[in-house]
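Let me begin by presenting the structure, written as structure tokens, before commenting on it.
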Amino acid sequence: MSRKITDPNQKNGSIQGRKRRDNGKHKDLIMPVPPTAIELPDGYGEFLSSIKKRVQTERLKAVLSANAAQILMYWDIGNDILDKQQNAGWGAKVIDRLATDLKNTFPEMQGFSPRNLKYMRAFAESWPDRDFVQRTVAQIPWRSNLTLLEKVKEPDLRLWYAQQALINGWSKNILAIQIEANLHKRIGQS
């Protein structure tokens, strides 16, 4: 049951209103104090460790899944652009207009510059099989894929470097160093 407060300086005019307003101001008084390490049951450390590992693993899976979805979206966009240019006779100017329209529609998103749309087109052209893209190159970051497109012209060699980047967890910079150092030749010689 709430009771009206007659103080004209009181903002909400009721005890209930005051409780809502004060809610959260004294959290330290209502927060439970965790037990000390001495008070914890046997096996707690291992339990905590397993949960931490699971959270880290699931967070990584979420990031990788989002990356794969983004790269497949880029492939789809690039493939659609490629199709329109080949079958409908669309020119390069359409990419500039498309970039502007996409930026206006999705102002919070990055990646729709004319340059990146041209990369999407080149990406789809270089890897024409979507299922293959999903299984392989969608598993590495976009910037690593761009490095492969720019630095490796031979499809089989590009695939080899993509697989090595995936297996070894190479960053874009490490991938570029390995390509420039002709790792494929050095491994073939050993």
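Annotations
- Annotation note: of R130, R115, R97, R135, the sole residue that is surrounded by 12 or more Cβ atoms within 10 Å (Cβ to Cβ) and of a type in the set (K, R) is R130.
Matching residues to (1) touching a Cys at 6+ places or on another chain (Cβ under 9 Å); (2) among the hydrophobic types (A, V, I, L, M, F, W, C); (3) under 27 Å from R158 (Cβ atoms); (4) surrounded by fewer than 10 Cβ atoms within 10 Å (Cβ to Cβ):
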{"residue": "R59", "(1), (2), (3), (4)": "no, no, no, no"}
{"residue": "I71", "(1), (2), (3), (4)": "no, yes, yes, no"}
{"residue": "K103", "(1), (2), (3), (4)": "no, no, no, no"}
{"residue": "R121", "(1), (2), (3), (4)": "no, no, yes, no"}
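- Hey, L82 touching an Asp or Glu at 6+ places or on another chain (Cβ under 7 Å) and either at pLDDT below 85 or not in a loop (DSSP other than H, G, I, E, B) (or both) or not: yes
- Pairs where the first residue, in region 78-100, is under 23 Å from W142 (Cα atoms) and the second is open to solvent by less than 50 Å² (accessible area, probe 1.4 Å) and assigned to a loop (DSSP other than H, G, I, E, B), C-beta under 7 Å, 6+ apart: A99/F112; A99/S113
- Reported count of residues in region 124-181, each being among the hydrophobic types (A, V, I, L, M, F, W, C) and more than 17 Å from I77 (Cα to Cα), is 17.
- The set of residues in region 138-153 that are of a type outside the set (K, R), outside any helix (DSSP H, G or I) and either open to solvent by 70 Å² or more (accessible area, probe 1.4 Å) or within 17 Å of E125 (Cα to Cα) (or both) contains only V152.
Listed here are the residues, each with its yes/no results for (1) assigned to a helix (DSSP H, G or I); (2) modelled with pLDDT of 95 or more.
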| position | (1), (2) |
| --- | --- |
| M1 | no, no |
| P8 | no, no |
| F47 | yes, no |
| L60 | yes, no |
| L102 | yes, yes |
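- All positions within region 154-190 that are of a type in the set (D, E, K, R), open to solvent by 70 Å² or more (accessible area, probe 1.4 Å) and in a helix (DSSP H, G or I): D156, E180, K185, R186
The values are calculated or read from the model by the stated rules, or taken from the named source; none is laboratory data. As the structure is a computational prediction, the values presented were derived from the model and not from experiment. Neighbour counts run over all protein chains shown; Cβ positions are idealised from the backbone, glycine included. Heads up: the accessible areas ignore ligands, DNA and RNA and are worked out on the full protein's heavy atoms, side chains in. Shrake-Rupley method; radii C 1.70, N 1.55, O 1.52, S 1.80 Å.
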